Amino acid sequence: MILRVLLTAPPFAEADPWGKIIKEQARVCPKQALYLLAAVLEKHGQQVTLIDPLDFESHFRSPDLIAQSVSGIDLLGISIDASTWPRARRLLINLEDLSRRPLTVLGGPHASVLDEYLARTTAVDYLIRGEGEKSFPLLLDFLQAGKDPALVPGITFRRGEELIQTPPGPLLTPEELAELPLPKFELMPKGYYDLLPIETSRGCFYACIFCSIGFQRNWRGIPPGQVADRIGRLVPYLDRTTKKCIFIVDDCFTADHPRLIQIADQLSGLDSRLVFMARITDLVVPGMLEAIARLPVEVMEMGVESGYEEGLQRVGKKLLLEQVKQAGQLLGKSGIRRQARFSFIMGLPWEKKREIFRTLEFAFKLTHRLQSRLIVNFLTVFPGSLIWRKRRDWGIQITEQDYDQERWWLDQDIFRKCHPLLNIPTDLEHILTYIKVLMNYFPDIRHDGFLKWL
Ligand code: B12
Ligand code: SF4
């Protein structure tokens, strides 16, 4: 018997006080995991339907709608990160009341890291840790065949009182990444999302302490020829987006220098523009920025994170202030300085006001000089990051349970727990005043993210 599978993910946030900003975030690009896994399962012979986050509330807002939406479905797969988990949790609670409910499977960054906690505290049947392309279809095979799921690698589930965490399976190789089917973007809502997501690599060689990506110190890239081919095959779906731009969602697109240079050669004539993330240590390597400048760059985002040497060192970025300045000089000559976007973090675990002021000053001066874009955010502690794992050492009191709370990142107590060295609200007021002063002094700063909320 073929299992009827429904895949979905909650939207980033509903009815947020910052309305516009959150709506902008939610529209950036579709959740690529949903469309990719739909293609993988279909290739595997499963019957899959998909509800995009945009349509989540219209399908799951009330018990009646939930019953209707999962009627005839054998298995509901939900993709979650830390920000969407509370809404998924509410859906799982509602599902418990159904007389016939589908099996439930959680996947994505939050399910991968807090699997044990989620399995113990929620009525979910299975959690898939890490990559889903192999373990998800395998789990479905085992369930169909009535075999013991404890033999499927990389999953977590409860059996009575016992919690079973199976050992992780092998990661996809670069060749396997290249051979993945194209995500089923034909199912993506038309005219809603700005950008089309495309993955050319997974992971990163580094391990910054705030970052919660699944594959640190592990980078796998699709060979350059196949990148151009894959992008070429995805171009027709650009018509479904509003900006007709490609978003390369890789953690570190620029990690392999010869590969990047070859990709730049192959894509220099591309008709659509590219949004991607780059590392500054890669940009200062001879030949790299020249190669990138040949690409049709719409936005190139670079995490600097900290505006003083000690901060940079402690963040684990393996980046020096000197390299940031050097990249600034090269960018100044490159013709893409206005496409560059630098991002910074305030409130790292050791930071008091003084350090935050230093970062702000550096960030404003750098982006003003280059006429680039700026993002400044307060640190959010995400499960999976080194800060999360070492939180007790920093006096950070956030718990697994805090992430169950709807819109936890707006909660003042949780913010306080994550920033024990900041005096709230006094320091916060000083910091916001200082930002306003800088914005008056540099009125031409083009800023995204936090600064927009002021
Ligand atoms: C592209 C991206 C974005 C885009 C698009 C978001 C979107 N709609 O998907 C934008 C810029 C809008 C964005 C915004 C945000 N993002 Co973001 N984003 C990413 C990034 C770089 C790539 C995601 C991606 O598509 N990867 C490729 C896909 C294939 O991988 P995947 O999603 O992990 O899916 C695989 C597995 O997890 C698993 N899987 C996933 N879902 C499911 C479901 C089932 C049922 C199963 C079985 C398996 C499964 O199988 C998939 C294939 O192997 C990741 C970094 C990363 N590497 O994950 C950060 C990341 C996911 N984002 C992160 C964050 C924090 C955010 C924001 C909260 C930031 C902010 N403060 O505004 C918002 C939240 C937006 C939201 N919830 O929709 C964090 C999440 C941390 C956490 N623990 O939750 C990450 C990990 C970045 C980081 N450095 O820590 N983001
Ligand atoms: S922040 Fe960027 S460079 Fe640092 S570990 Fe994460 S992906 Fe890698």
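No value in this document is a laboratory result; all are computed from the given coordinates. Because the structure is predicted, anything quoted here is derived from the model rather than measured.
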Non-local amide H neighbours of residue 305 (under 5 Å, H modeled in plane, Pro and chain starts lacking H): which ones? 343, 344, 345
Going residue by residue through the stretch 112-118, the Karplus relation 6.51 cos²θ - 1.76 cosθ + 1.60 with θ = phi - 60° gives ³J(HN,Hα) values, rounded to whole Hz and with x marking Gly or Pro, of 6, 9, 9, 3, 5, 4, 5
Please report the antiparallel percentage of DSSP beta bridges with both residues in the chain, rounded to the nearest 5. 20
In order through the stretch 163-169: 3J(HN,Hα) via Karplus (6.51 cos²θ - 1.76 cosθ + 1.60), integer Hz, x for Gly, Pro: 9, 10, 10, 7, x, x, x
Karplus ³J(HN,Hα) for the stretch 246-254 (6.51 cos²θ - 1.76 cosθ + 1.60, θ = phi - 60°; Hz, whole; x = Gly/Pro) runs 9, 10, 7, 7, 4, 5, 8, 4, 9
Given just the C-alpha atoms of the stretch 224-284, how large is their convex hull per residue in cubic angstrom? 87
What would the Debye equation give as log₁₀ I(q)/I(0) for the stretch 101-165 at q = 0.12, 0.19, 0.22 Å⁻¹, counting only Cα atoms as equal point scatterers? -0.25, -0.65, -0.88
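Given 25 °C and 0.890 mPa s, how large is the Stokes-Einstein diffusion coefficient of the stretch 329-435 in µm²/s, with Rh as the Kirkwood radius over Cα pairs? Spell out each step's value before the answer.
Details: Rh = 15.4 Å.
Rounded, D is 159 µm²/s.
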Which percent of the Cα-Cα distances in the stretch 4-165 go past 23 Å? 36
Can you give me the Kirkwood hydrodynamic radius for the chain, using every pair of distinct Cα atoms, in Å to one decimal? 23.2
Summing -39500 (n - 2.57) over every DSSP H run of at least 4 in the chain, dividing by its residue total and rounding to the nearest 500, the 222 nm mean residue ellipticity is -10500 deg cm²/dmol
Please list, ordered by chain and number, the residues whose modelled amide H lies under 5 Å from the amide H of residue 47; skip anything fewer than 5 residues away on the same chain. 3, 5
Interchain or sequence-distant (5+) residues whose placed amide H lies within less than 5 Å of the amide H of residue 164 are 157, 158, 159
